Amino acid sequence: GENVEQHPSTLSVQEGDSAVIKCTYSDSASNYFPWYKQELGKRPQLIIDIRSNVGEKKDQRIAVTLNKTAKHFSLHITETQPEDSAVYFCAASDGGSTLGRLYFGRGTQLTVWP
Amino acid sequence: NAGVTQTPKFQVLKTGQSMTLQCAQDMNHNSMYWYRQDPGMGLRLIYYSASEGTTDKGEVPNGYNVSRLNKREFSLRLESAAPSQTSVYFCASTQDLRQPQHFGDGTRLSIL
């Protein structure tokens, strides 16, 4: 099955700075890569996703980049705000299947200091 | 639009007790999933149901069973609870691989 590695496990930034979280995956057939944000005690919520036919996707202050050759993808948050503080999870699809299985990284605790 | 609804939200069990966690979605999604979330471990797939009438094991199925009762409902059963099953359990659903998964609010389960 797929193996997803996520780094760093914790990240602290000053408000207004940028934050970058990186993930690698093992299955070259994986073709769907979502990012979820989870606030303390809440459900994971999708913030952005990218498919393997696209190299970059942006939504306001959030962007995701994908390098299929190197099998890694990254989340970029610009102009960070205290409300961005949460745990962020990357995931990769089960490339050899149409069943919608996702494999998750272990998460990054992002803290944005005012 | 409720999305994915899980019950109960909290539960405390004694070792050896049995329990069923309920999940229902109102988005007419084909696929449903059960995950467990432990500190520092991310979300790990327990079981999933690609469509009504089918279920398959995920990464960590031991000690659990599931039932896809109909298209809306997917339940997770612990037949004989163990302390190692203390966790937060999330149910999710999606229409297909081209769509993102939507999560419920979770069930916080403690086994003493």
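Could you list all residues from region B:19-59 that are closer than 20 Å to B:A81 by Cβ and more than 15 Å from the chain's Cα centre (by Cα)? Let's see the steps before the verdict.
If we filter region B:19-59 for residues that are closer than 20 Å to B:A81 by Cβ, which is where we start, we get B:19-23, B:34-39, B:41, B:44-47, B:57-59.
B:P39, B:M41 - these are the residues of region B:19-59 that are closer than 20 Å to B:A81 by Cβ and more than 15 Å from the chain's Cα centre (by Cα).
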Does A:K57 satisfy the criteria of being without any contact (Cβ under 8 Å) to a residue 12 or more places away in the chain and assigned to a strand (DSSP E or B)? yes
Could you check region A:1-35 and list, in sequence order, the residues that are within 13 Å of another protein chain (Cβ to nearest Cβ), of a type in the set (V, I, T) and open to solvent by 40 Å² or more (accessible area, probe 1.4 Å)? A:T10
Among (1) within 19 Å of B:S31 (Cα to Cα); (2) open to solvent by 10 Å² or more (accessible area, probe 1.4 Å); (3) more than 8 Å from chain B (Cβ to nearest Cβ), A:Q38 falls short only on (1)
Name, by its number, the condition in (1) without any contact (Cβ under 8 Å) to a residue 12 or more places away in the chain; (2) under 10 Å from the mean Cα position of the chain (by Cα) that does not hold for A:V20. (1)
Quick one: is A:S74 among the hydroxyl-bearing types (S, T, Y), more than 26 Å from B:R108 (Cα to Cα), open to solvent by less than 40 Å² (accessible area, probe 1.4 Å) and without any contact (Cβ under 8 Å) to a residue 24 or more places away in the chain? no
For B:T20, all conditions in the list (1) in a strand (DSSP E or B); (2) more than 22 Å from B:E79 (Cβ to Cβ) hold save one; what is the number of the exception? (2)
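The values are calculated or read from the model by the stated rules, or taken from the named source; none is laboratory data. Keep in mind that this is a model prediction, so the values were computed, not measured. Note that we place each Cβ from the backbone using ideal geometry, even for glycine, and neighbour counts take in every protein chain shown. Keep in mind that these areas ignore ligands, DNA and RNA; they rest on the heavy atoms of the full protein, side chains included. Shrake-Rupley method; radii C 1.70, N 1.55, O 1.52, S 1.80 Å.
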